[in-house]
Structures are given as structure tokens and as C-alpha cells.
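Note sheet for the following structure.
The values are calculated or read from the model by the stated rules, or taken from the named source; none is laboratory data. Remember, predicted model here, so these are calculated numbers, not experimental data. Note that each Cβ is placed from the backbone with ideal geometry, even for glycine, and that neighbours are counted across all protein chains shown. Side chains included, ligands, DNA and RNA excluded: accessible areas come from the protein's heavy atoms. Shrake-Rupley method; radii C 1.70, N 1.55, O 1.52, S 1.80 Å.
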Amino acid sequence: MAAPVFEMENVTVRRNGKEILNDVSWSVEKGQHWVILGGNGSGKTSILNVLMGYLTPTEGEVEMKGREDAINSQNQEWDDWRKRIGFVSSSISQLIDLEETALDIVLAGRHAMVNYWGDNDEKEIRAAEKVLERVNCLELRDQMWATMSQGERQRVLIGRALMAPQMDMLILDEPYNGLDPVGRHQMTQLLIQLSEQGTSLLFASHVLHEIEEITSSFLLIHGGRLLASGTASEVEQIIADTPQEVVLIGPDVPKLIPHLADQAWVDSIQLLAERTELRIGLRDPSNLYHSVADWISNDQLQIDQFQTANSNLTAVFESLLRHHRGESK
């Protein structure tokens, strides 16, 4: 068995009388890739914040190389320890100065900082340029953060994370948020490349099928409790009877209807919100995820958002809760 990158044992977090995480136990081995899957407010980001040292457990233990030294150090030297972890999150995105260039942002990752104003030598600059090339952003080297698309920002943030000098693990909190279907496809291809290079990847996401192309290990959480863990096929077996639904938003969504109309895996199509919102009921969402980027690219369509319907997420987790309690569906 490979050495664990980290272990969480019976971790519970309470704040202001509210239980955020409840008795969470989990471990990840070196080279493994996992997804924490759950809806908004389920506890996904709280698990990541515990791992990063931003949230302290009320009960339980977290074991990770160097973490104990950071906790016990007189100066709480978390920054040095965090250089072992690449972290991609909207919380970092919101802190970046709008005039920072892609090169500046990636270089700051070397120091586990945001808006770093210190000096960088030529060796560090060359390393940052190589990382920008690795995430397909070298052409953005001197472009300001304010002028980047959401997809470009996400890739630059991944580049920033990859600059961690002793990285044991790359953590990505909702990497698909705000991306259009083409951007989602490009993100998936980038993450597949990273997954094949040996670094442990850990995702928090509410998207199952795109992440399934990257890893087969899933942890499902709801209300701060673990409901299930296992492979994608095991998770899908649990939710097999739950209706699947996605929403596409944009001025060209009506042009997708001819592509969808004759597909055996489409159960229903609804065009709403003055013909700018397309709600699709699906038997097998993976077929849509595999096809929609090609349709949009080939027909040059403007599709602004791709969402999992909130009602569908609720149905999925209600199904999982019944399964967790041993009740029939």
C-alpha cells in the first residue's frame, strides 16, 4: 500500500453551535485522485479548509506531512507548509489585483502568496513561463487579470498552484464554476494531463460526469456527513433511479434542439426564459457531456452557462440519504 498523502480520522467541526462537519474519516494515498461530491453547503469546501489549516477541527485528527510541525511552531508557520499543496479556489481569485499579469500571478504561487511584490530571479521567471506553457496560457504571459475570461483565469490559477515548490497534492475547489461548455471541455483535458503526471489531485465539485473522465474515486457528502465513497460506477448504481437534469443558458441554446431531438438518451427538452434557457432531462448525462462541446464548436454557438439543476441535486442527495439509512427508493 502506498504511503498516505493525508489521513482524517473522526473529524468534527462546530462553529457558533452549528455542526459543519460530522465524524469524517478519510485518507488519500500518493498518486490517487479523489472527488468530494456534494451540493452547495454540503461541507465540501469545509473539508478542504481543514486540510489547508484554515479551519481547525473541534474533534478528531488530521495527519499530513509537515502539518503537525506547522501547528506546533511558535510562529504558526503555515505558509511554508502550504507550499506543499497547490490550491485553486474562488477565494484566491477574489484577492488578486486586477492589474496583475498571468506571469505575476503564477510567480506568486512559488511563495504561497497573492499579489507578491518581491523580486524574482531569472530562474523563477523561466519556471513560471514553463508552467504557463504547461497550462496552455503562455500567450497570456503579460495579460492583466481584469481582461481574462473565466476559463483563462481558472487555467492561470492552476498554473499558480503548480508553482508550489514541494507539492504533494493539488486541490481544486469547483474548477468548472463559471465555465462555458467549451471551457469545461478544455478544463477536463488539462486535468486529465495533470492526473497522468503523478501528483495527487483532490477536487470538490457538484459535477459527476466530467470529473469521471479524470478519476474513478468519489466521496459523497451531504450536511457535513459522508454518505458514500467508491468508484463512479458504484456511486451511479446508488443514484441510478434518480432523474438527471442539466440546464444550458445562452442566446443560441435553441440551435442545440435539432442535435438533441433524436437522441435516445434524452428524456425531455424545455425551452424557457424567452428562449435563452434550455432544460434537458437525461437518461445518461455522460452522452451530453461528450457531445455538447463539439456541437457548440462546430456550429459556433454562444452558450454562456452549463448548470446542474438544483432540483436534480436535491433529488440525488435525497436518494443517497435514503440509501444511507437503508430505506428503499
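Descriptive notes on the structure:
- Residues being without any contact (Cβ under 8 Å) to a residue 40 or more places away in the chain, under 24 Å from residue 108 (Cβ atoms) and open to solvent by less than 10 Å² (accessible area, probe 1.4 Å) are entirely absent from region 161-168.
- Residues of region 162-180 classified as of a type in the set (A, V, I, L, M) and either in a loop (DSSP other than H, G, I, E, B) or farther than 15 Å from residue 198 by Cα (or both), total: 5
- For region 236-329, the strands (runs of 3 or more DSSP E) that sit wholly inside it and include 2 or more residues that are modelled with pLDDT of 90 or more and over 30 Å from residue 224 (Cα atoms) are 266-272, 277-282.
- In the set (1) under 29 Å from residue 307 (Cα atoms); (2) in contact with a helix residue (DSSP H, G or I) (Cβ under 7 Å, 6 or more places away or on another chain); (3) not aliphatic (A, V, I, L, M), the condition left unmet by residue 116 is number (1).
- Restricting region 175-192 to residues that are open to solvent by 20 Å² or more (accessible area, probe 1.4 Å) and touching a residue at least 12 places away in the same chain (Cβ under 8 Å) leaves a set whose member that is nearest to residue 5 (Cα to Cα) is 192.
- Output for region 8-32, where each listed residue is of a type outside the set (D, E, K, R), over 15 Å from residue 56 (Cβ atoms) and under 23 Å from the mean Cα position of the chain (by Cα): 22, 25, 26, 27, 28, 31, 32
- Residue ranges of helices (runs of 4 or more DSSP H) in region 1-103 with at least 1 members at pLDDT below 80: 67-72, 78-82
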